[in-house]
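The values are calculated or read from the model by the stated rules, or taken from the named source; none is laboratory data. No experiment lies behind these values; they were computed from the predicted model shown. Cβ placement follows ideal geometry from the backbone for every residue including glycine, while neighbour counts extend to all protein chains displayed.
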Amino acid sequence: MRRATPIAIWAIVIATAASSCFASDWNKQLAAEYLDARQEAWFAWRAPAKDAGGACLSCHTGLTYLLARPALRAALHDATPTKRETALREGITFRLESEKPGRMFKGRTKEPELTQAAAVQAVVETCALATGKAPAEMLAKSLDRMLQLQDAQGGFPWFDLHDSPWEEAKSGYFGGALAAAALDMAPAGYTDKTEVKRQIAAFEEYLKREFSAQPLHHRLTLLSASQGIGKAVPADVRQATLDETARLQHTDGGWTIAELGPWKSKGNLVENAESDNYATAIAVMALQRAGGAKKSVESGLAFLRTHQDAATGAWLASSMNHKYPPESMMFQFMNEAATAYAAIALLESEKKN
């Protein structure tokens with residue numbers, strides 16, 4: 001199998017951000033405080049799926065928090081995990097030890113949603129364990145659970161709840177990118193097993209076969225998440241996506257949500273022609289990690305540095321699906337993801353400098 005370095009790209013920034021001495025003009029402390037506050041609100045909210053292990057690890061709130069918050073801690077020279085980092089990881093452990101995968105989504109009792117729920121939970125939680133440097137035995141167990149849910153096409157079942165970008169018709173490929181990141185960090189010897197080799201081969205074929213048909217968002221997620229299994233996609237095809245991304249960049253250094261599509265419009269903000277923080281963070285992360293045009297990376301980073309909200313510490317973004325009231329939890333989901341990914345991109349750039 002094609003392997004990345006022993007520590008995959010998403011984990012590198014966590015271990016190295018503390019050593020950065022590059023001066024920046026964005027507020028790391030305020031970004032960390034915003035993300036912490038959003039986790040407190042998420043755990044208190046009655047709507048998320050919950051079990052004895054706590055609230056679910058959502059793509060927009062929980063997973064992005066576990067990807068970004070340790071990196072921010074390192075940059076702020078704080079070695080102690082936050083209360084919610086600990087709680088989220090304890091919840092993953094609790095569910096991993098359960099006999100019934102997918103227990104988080106108890107309302108999904110009929111197929112195909114029953115299997116989709118189990119796969120979404122397994123993929124997202126395995127990615128979080130892998131990037132969080134979980135013990136080898138625990139990560140292997142989670143990888144086993146994830147691979148048991150691989151479908152006949154080589155990928156993983158996923159929710160289609162008609163919500164872009166994480167729960168729409170093609171979001172299974174986004175899930176595949178998370179699965180690839182987890183497999184890149186498999187414990188030593190894990191991928192040498194005969195059955196695992198077969199499963200990985202089918203997965204790599206799926207990634208190659210379906211790549212060009214994906215929205216740009218999902219393609220960029222794979223290029224950003226995996227420099228190991230993700231390289232199953234031919235180099236010229238990956239480069240074409242990086243070139244396409246650079247061509248779409250606006251003169252202000254940003255990208256729009258619409259350009260990461262195509263998406264099915266719901267009459268909300270998909271057609272918005274203004275550069276968007278979430279879209280820009282996703283594009284910059286992929287270009288930076290996968291060797292995209294340096295000029296595009298620098299312009300995108302400059303956009304992010306100047307678009308942090310001074311009052312909240314967040315990078316503000318808008319839902320692609322609905323017009324939510326500003327006081328609602330749902331209004332914050334894209335802000336949470338944009339803030340996490342913008343912080344990761346900026347921290348990684350500071351390390352390189």
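Do you know which of the residues in region 293-309 that are touching a helix residue (DSSP H, G or I) at 6+ places or on another chain (Cβ under 8 Å) and in a loop (DSSP other than H, G, I, E, B) is surrounded by the fewest Cβ atoms within 10 Å (Cβ to Cβ)? In this case the residue turns out to be 293. Selection of region 43-64 for residues being in a loop (DSSP other than H, G, I, E, B) and at pLDDT 85 or above yields 45, 57, 58, 59, 60, 61. Residues of region 76-100 that are more than 20 Å from the chain's Cα centre (by Cα) and of a type in the set (Gly, Ala, Ser): 79, 98.
The residues of region 39-85 that are in contact with a Leu (Cβ under 8 Å, 6 or more places away or on another chain) and without any contact (Cβ under 8 Å) to a residue 24 or more places away in the chain amount to a single one, 85.
The set of residues in region 249-260 that are assigned to a helix (DSSP H, G or I), aliphatic (A, V, I, L, M) and in contact (Cβ under 8 Å) with a residue 24 or more places away in the chain contains only 260. The condition of being more than 22 Å from residue 42 (Cα to Cα), under 19 Å from the mean Cα position of the chain (by Cα) and surrounded by fewer than 23 Cβ atoms within 10 Å (Cβ to Cβ) holds for only one of 242, 248, 347, that being 242. The set of residues in region 201-231 that are part of a helix (DSSP H, G or I) and over 23 Å from residue 128 (Cβ atoms) comprises 201, 202, 205, 208, 209, 210, 211, 212, 213, 216.
Checked against (1) on the phi > 0 side of the Ramachandran plot; (2) in contact with a helix residue (DSSP H, G or I) (Cβ under 7 Å, 6 or more places away or on another chain), residue 162 passes all but condition (2). Is it the case that residue 84 is outside any loop (DSSP other than H, G, I, E, B), touching a Ser or Thr at 6+ places or on another chain (Cβ under 9 Å) and basic (Lys, Arg)? When the stated conditions are applied, residue 84 does not pass them. Of the residues 284, 237, the single one that is outside any loop (DSSP other than H, G, I, E, B) and crowded, with 20+ Cβ neighbours inside 10 Å is 284.
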